[in-house]
Amino acid sequence: MFGRTIKYFRLTSGKTTCELALASGLSEHTIKNYENGKRLPVLSEIRNIAVALNINLSWLMSNYNHYEYNHGEFRKHSHFSKRSQEYIRLSVEDYLDRFLTVADILGSNVMREVPEVHSIVPTDDVEKDARKLRDVLGLAPTGAISNLIGSLENKGILIYLLEYDDDKFSGMNGLVCNRPYVVLNSMATPERQRSTLAHE
């Protein structure tokens, strides 16, 4: 878990493993071993890594629960680099780990029940599928949904608005501890966010 935190902040900083190694005085092999969980750094190395990443030492030492994730595919993954995909996934995990840790502290009644997922098998009839989805989510059978994000959150679906300055990323979905989540690029237009949210 510690290695995942190093990797997240390294990707956030835009550094490669080689660049982080040079800046921290460690070898690239050592950084890779830390990120892959094969070794744990000593405190002096953690300090060097934090300085190289220009972050507080406490950020690397934070001990969040790390939940079980099942990430979906990116909508435009063929045009989106592996490094960018990895950064998005780690950002999602960092955000949702924090969110769910607070929810665990506050108690079970702060979150809605987990909705049933994968209960609709898509067909070639988009309108019919949309009606089924509205029914499963308990939404009005027709008409506009004025606050789609709020409506879905009230049904137990987690929504994360990630600020990501790349129009190749619209959004993605997945499960955390079998609870569905949807990530949207907050820098996209409201229309694109709404379309992505409905798609995901």
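Taking residues in segment 181-200 that are closer than 14 Å to I159 by Cα, and partners anywhere that are open to solvent by less than 70 Å² (accessible area, probe 1.4 Å) and assigned to a loop (DSSP other than H, G, I, E, B), the pairs with Cβ atoms closer than 6 Å and at least 6 places apart or on different chains are V182/E200; N185/Y164; N185/F169; N185/S170; T196/S170.
Name the one entry in L158, L148, L137 that is surrounded by 15 or more Cβ atoms within 10 Å (Cβ to Cβ), free of Cβ contacts under 8 Å to residues at least 24 places away in the same chain and touching a Lys or Arg at 6+ places or on another chain (Cβ under 8 Å).
On the way: L158 fails: free of Cβ contacts under 8 Å to residues at least 24 places away in the same chain; L148 fails: free of Cβ contacts under 8 Å to residues at least 24 places away in the same chain.
Criteria check complete, one pass: L137.
If you go through segment 6-21 and keep only what is open to solvent by 20 Å² or more (accessible area, probe 1.4 Å) and touching a residue at least 60 places away in the same chain (Cβ under 8 Å), you end up with K7, Y8, T12.
Summed over segment 149-200, the residues that are among the aromatic types (F, W, Y) and out of contact with any helix residue (DSSP H, G or I) (no Cβ under 9 Å at 6 or more places or on another chain) give a count of 0.
Residues checked against (1) surrounded by 12 or more Cβ atoms within 10 Å (Cβ to Cβ); (2) not acidic (D, E):
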| residue | (1), (2) |
| --- | --- |
| D125 | no, no |
| D129 | yes, no |
| A144 | no, yes |
| L162 | yes, yes |
| F169 | yes, yes |
| M172 | yes, yes |
| R179 | yes, yes |
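Go through R98, R83 for me and flag whichever is in contact (Cβ under 8 Å) with a residue 60 or more places away in the chain, open to solvent by 70 Å² or more (accessible area, probe 1.4 Å) and assigned to a helix (DSSP H, G or I). Give the derivation first.
Working: R98 fails: in contact (Cβ under 8 Å) with a residue 60 or more places away in the chain.
Selected residue: R83, the only one of R98, R83 that is in contact (Cβ under 8 Å) with a residue 60 or more places away in the chain, open to solvent by 70 Å² or more (accessible area, probe 1.4 Å) and assigned to a helix (DSSP H, G or I).
Within segment 165-179, identify whether any single residue is farther than 28 Å from Y87 by Cα, part of a loop (DSSP other than H, G, I, E, B) and of a type in the set (A, V, I, L, M, F, W, C), and answer yes or no. There is no residue in segment 165-179 that is farther than 28 Å from Y87 by Cα, part of a loop (DSSP other than H, G, I, E, B) and of a type in the set (A, V, I, L, M, F, W, C).
The values are calculated or read from the model by the stated rules, or taken from the named source; none is laboratory data. Everything quoted here is computed from the prediction, not taken from an experiment. Glycine also receives a Cβ, built like all others from the backbone with ideal geometry; neighbour counts cover every protein chain displayed. The accessibility values were calculated without ligands, DNA or RNA, using every heavy atom of the protein model including side chains. Shrake-Rupley method; radii C 1.70, N 1.55, O 1.52, S 1.80 Å.
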